[in-house]
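*Asks:* Mind looking over this structure? Questions follow.
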């Protein structure tokens, strides 16, 4: 019989995305048997993050201050606002060094099947941010999933109705990709979104 404290740890680990009962059990045993110091560090880091992190009052990403470093940077282009689903998406766009504007993080996406509607993501805050008089273009950088596309469509309609210029990141072939290895829908989209040279 498994001790209740071990069961509690396994169930706690299962809240992580992609972690099922087997993975959670392996992680729990690893932390208890092989890396108790790591387990203690993990517990302290989680406790500290929960106690200190909050949402940036401008872009909704996580920060320790009232305003995150990107929003506080006067060198950023305040006329452009890139909307992403999660803070990890913001980090990926930043790594490209191709966007120098500001961001807004929805902290999710529309997914009616999962019960996530417009009130469950930060749409009102996005509208306030996009309508601040400085933003001229909103770049929608939601994922190319069914939910991400639905979110982008909903946002584009909502933002255009307020007179804002709205664009969507392009999709197509990866750099270095070979046509024979690309799925047909990606190739079709690349053909549709082709541009003049």
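The values are calculated or read from the model by the stated rules, or taken from the named source; none is laboratory data. Just so it is clear, the model here is predicted, and its values are computed rather than measured. Methodologically, a virtual Cβ is constructed for each residue, glycine included, from the backbone with ideal geometry; neighbour enumeration extends over all protein chains shown.
*Asks:* Checking residue 21 against (1) surrounded by 11 or more Cβ atoms within 10 Å (Cβ to Cβ); (2) within 30 Å of residue 129 (Cβ to Cβ), which single condition isn't satisfied?
*Replies:* (2)
*Asks:* Which numbered condition trips up residue 177, out of (1) in a loop (DSSP other than H, G, I, E, B); (2) buried (at least 16 other Cβ atoms within 10 Å of the Cβ)?
*Replies:* Going through (1) in a loop (DSSP other than H, G, I, E, B); (2) buried (at least 16 other Cβ atoms within 10 Å of the Cβ) one by one, residue 177 breaks only (2).
*Asks:* Just to be sure, is residue 41 assigned by TED's automatic domain parsing to the domain that holds residue 16 and either surrounded by fewer than 12 Cβ atoms within 10 Å (Cβ to Cβ) or within 28 Å of residue 160 (Cβ to Cβ) (or both)?
*Replies:* Yes, satisfied.
*Asks:* Considering only residues that are within 17 Å of residue 42 (Cα to Cα) and without any contact (Cβ under 8 Å) to a residue 24 or more places away in the chain, which ones fall in segment 6-16?
*Replies:* Within segment 6-16, 8, 9, 10, 11, 12, 13, 14, 15, 16 meet the criteria.
*Asks:* Considering segment 136-178 alone, what residues qualify as being in contact (Cβ under 8 Å) with a residue 40 or more places away in the chain and within 21 Å of residue 88 (Cβ to Cβ)?
*Replies:* If the condition is that a residue be in contact (Cβ under 8 Å) with a residue 40 or more places away in the chain and within 21 Å of residue 88 (Cβ to Cβ), then 138, 139, 140, 141, 142, 143, 148, 150, 151, 155 are the ones that fit.
*Asks:* Which residues, counting only those in segment 2-22, are over 24 Å from the mean Cα position of the chain (by Cα) and closer than 30 Å to residue 108 by Cβ?
*Replies:* Listed by number, the residues that qualify are 7, 8, 9, 10, 11, 21, 22.
*Asks:* Scan (1) part of a helix (DSSP H, G or I); (2) out of contact with any strand residue (DSSP E or B) (no Cβ under 8 Å at 6 or more places or on another chain); (3) surrounded by 15 or more Cβ atoms within 10 Å (Cβ to Cβ) for the single condition residue 124 breaks and write down its number.
*Replies:* Tallying (1) part of a helix (DSSP H, G or I); (2) out of contact with any strand residue (DSSP E or B) (no Cβ under 8 Å at 6 or more places or on another chain); (3) surrounded by 15 or more Cβ atoms within 10 Å (Cβ to Cβ), residue 124 fails exactly one: (3).
*Asks:* Is it fair to say residue 139 is touching a strand residue (DSSP E or B) at 6+ places or on another chain (Cβ under 6 Å) and part of a loop (DSSP other than H, G, I, E, B)?
*Replies:* No; evaluated as a whole, the condition is false for this residue.
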